[in-house]
Amino acid sequence: MTAVLTALGARWDGHLVSRLESVPGMSIARRCADLADLVATAASGVGDVAFVGADLRGLTLSEVARLHDHGVQVIGVVEPGDEAGERRLWQLGVATVLSADSDGPTLAAVVQEYAVPRQNRAPALSGGTGPMGDGSHGTGERVTDGPTGDATPRHTRGRVLAVWGPTGAPGRTSIAVNLAAELAGMGREVVLIDADTYGGSVAQTLSILDEAPGVAAAARAADQGALDLVALSRLALVVTGTFRVLTGIPVASRWPEIRGAALERVIEVARWLADDVVIDCGFSVEDDEELSYDTQAPRRNQATLAALGAADELLVVGACDPVALQRLVRALQDLGSVRAPRPIVVVNRLRPGPVGSPPERHIGDALARFAGVPDPAFIPDDQVAFDLAMLEGRTLRECAPASRARAAMTALAARTLGHGAHEVGMSADGPSTGRSRRRRGSTRRGR
């Protein structure tokens, strides 16, 4: 027997309930008065499928994700011809949307598709399948093409590269910023997302005037079902050429604004805006904050976990001194408990002082022995180049194109693409033209 929950307006609630009750093998477990009633009922273990109206007050992407977490599949219901309501439900992660005047056989077919034992259900996604969250009807019939606004979606989804590493400031942000710049320099559209909920600093590194954090604004829009390509393109600031940045939160106390489900939606839309979505992640991957609460609560590390789970490629950054290497080895072990792709290990600030000469061989042997890492990437400790980049608020590609660190970053970017630097039209020493041009409308400060 499939237990059905409803949270619909008065006009259509009786109509749908009467039709659902006439379907064999289906029962109405509860007709919920509002969203709070629906979530509480789902949390108590009652219900397999929930019908929600597009006008249900308080319905957000995070609330839909909560219902999914409680094992309740969500089906949207809209007024006949209400395209705006359909669009909003798609963007809230509702995979199936029906017209309120659907007949009994249609309702039965959709409910039966979702009525499977909870332990056999695939994890629900927090967003639609396309750039605007559009999807398809449970019976295979498309209900809506989704909102495209004035933006034209890419024909293919871009890839996601997460940059993560242990505590101790090994240089995650420096690697993420310069990796994004190098990929953009290779002619690729790039969006860099600062998702570090502990110490986001991408805006400061690039000397961007971040009066309002872009990632928080994008997450809010995603949670309300209002994030599309047009909205994201306005929030992602242009740095240079094809390089955009979604700035992070300026103070760590604002971390509750970046919910995991909302960030997943931001990442999914960004895939259709750029070839590469580079994410600067926070260091912690612990997932036990909810144990401190009597009820489900926001989790600070959910942004990092969402980024790792969405990544197609993962770069794990560590430094080269013995303490940092020990943290790196333990961090690689921690990755075994989370959903993440096989990493490329990047050893930053490479120098012989802390480990002996040659440092590549000593560190390579240690990582192979203790972490099973066969081929780490190395970024030399080019302090002069990095200091100049920080002073000017620019990337190595712009202010130190012939530096050793920039050459290593170029090789790393080429490695993530699966080929050498020469195959993308760049030499290890960088282009001979010097600094790259700023695009008109750049939001970066002058120094």
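The values are calculated or read from the model by the stated rules, or taken from the named source; none is laboratory data. For clarity, every value in this text was computed on a predicted model and none was experimentally measured. Neighbour counts are summed over all protein chains in view; Cβ atoms, including those assigned to glycine, are modelled from backbone coordinates with ideal geometry. For the accessible areas, the whole protein counts, side chains as well, though only heavy atoms, and no ligand, DNA or RNA atoms are used. Shrake-Rupley method; radii C 1.70, N 1.55, O 1.52, S 1.80 Å.
Summary of values
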item: Accessible area expressed per residue, region 348-392, with surrounding protein chains retained (probe 1.4 Å, Å²); result: 56 Å²
item: Where a label projected 7 Å from the Cα of GLU286 along Cα→Cβ would reach, residues of region 234-262 with amide N under 12 Å; result: none
item: Accessible-area composition of region 167-229, carbon plus sulfur, in percent [1.4 Å probe]; result: 46 percent
item: Fully extended contour minus Cα-Cα distance, from ALA368 to ASP312, at 0.36 nm per residue; result: 17.8 nm
